[in-house]
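The values are calculated or read from the model by the stated rules, or taken from the named source; none is laboratory data. None of the values given here were measured: they were computed from a predicted structure. Because the Cβ atoms are built from the backbone with ideal geometry, glycine has one as well, and the counts that use them run over all protein chains shown. The area values use the complete protein model at the heavy-atom level, side chains included, leaving out ligands, DNA and RNA. Shrake-Rupley method; radii C 1.70, N 1.55, O 1.52, S 1.80 Å.
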Amino acid sequence: MSEIVGKAPGRGRFLVRLLALLLASLALGLVTDAWRSERVFFPKKNLPAFETVPKK
Amino acid sequence: MNTRWVLMLRIFLGGLLLWAGFAKLAAPMAFFGALLGYELPLSDTVLRLITIALPWLEVLCGAALLVDFWPETVRPLTMALTLSFVVVLSQALGRGLEIDCGCFGGGKNAFWNSPAAALARAIALLIAASVLTLQNNSPQRRGGRGVSSRSSTR
């Protein structure tokens, strides 16, 4: 007679892997966004042109 | 389910996700513009985070499906991903938004990228992902895990 003795696949392992995939996507996205010239998350600020302070 | 069918579904779904992910990565601003067109009740920061993370999530899921990596995690995640596409496209279609779906990076205003066509595609993907998830959870796939023929020692 068979009997269920094992446990269902770990929910903890599922959540850890899910979190790993989500964090990996976010990390890769942030790295590629910071790298490229056309940025979405880290838009380049329109910094004013460098100006020297006139000497008095 | 026939393993050949499962393999074909994995290649179809994985390949399409890889294609969609790389297309979005190639044109992030176009994808961000397409995302804005959905008029979702989300903040600008959240939309920007989705713009940078979603393409990579698609690429990772697509690659994992192709090589059958972490199937018990990746298949339900793909199902959730395609379900979210169906929900978002349904609300766009319901509100009559005439937008580019942005599925492949956005910017191409063709019939294939219309919300109706994209919704049909997303439903097909959801069905494929659901079949893969259910097949992964079947006792045959799990090799009888959790059920032992040993008699109780108690």
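B:T3 meets all of the listed conditions (1) exposed (fewer than 14 other Cβ atoms within 10 Å of the Cβ); (2) at pLDDT 90 or above; (3) farther than 19 Å from B:A124 by Cβ but one, namely (2). Inclusion of B:T82 among residues that are farther than 15 Å from A:R17 by Cβ and under 10 Å from the mean Cα position of the chain (by Cα) is warranted.
With the structure loaded, tell me whether B:T73 is surrounded by 15 or more Cβ atoms within 10 Å (Cβ to Cβ), of a type in the set (S, T, N, Q) and more than 11 Å from the chain's Cα centre (by Cα) or whether it fails that test.
The answer is yes for B:T73.
The residues in region A:21-56 that are among the β-branched types (V, I, T) and either modelled with pLDDT under 90 or touching an Asp or Glu at 6+ places or on another chain (Cβ under 9 Å) (or both) can be counted, and the count is 3.
Taking the stated definitions as given, is B:L66 within 17 Å of A:L18 (Cα to Cα) and either surrounded by fewer than 18 Cβ atoms within 10 Å (Cβ to Cβ) or hydroxyl-bearing (S, T, Y) (or both)? In short, no. In the condition set (1) in contact (Cβ under 8 Å) with a residue 12 or more places away in the chain; (2) not in a helix (DSSP H, G or I), B:F69 is compliant with all but (1). Scanning region B:8-54 for residues that are open to solvent by 20 Å² or more (accessible area, probe 1.4 Å), within 18 Å of B:V87 (Cβ to Cβ) and assigned to a loop (DSSP other than H, G, I, E, B) gives B:E39, B:L40, B:P41, B:L42. Among the residues making up region B:23-58, those that are out of contact with any Gly (no Cβ under 9 Å at 6 or more places or on another chain) and in contact (Cβ under 8 Å) with a residue 24 or more places away in the chain are B:E39, B:L40.
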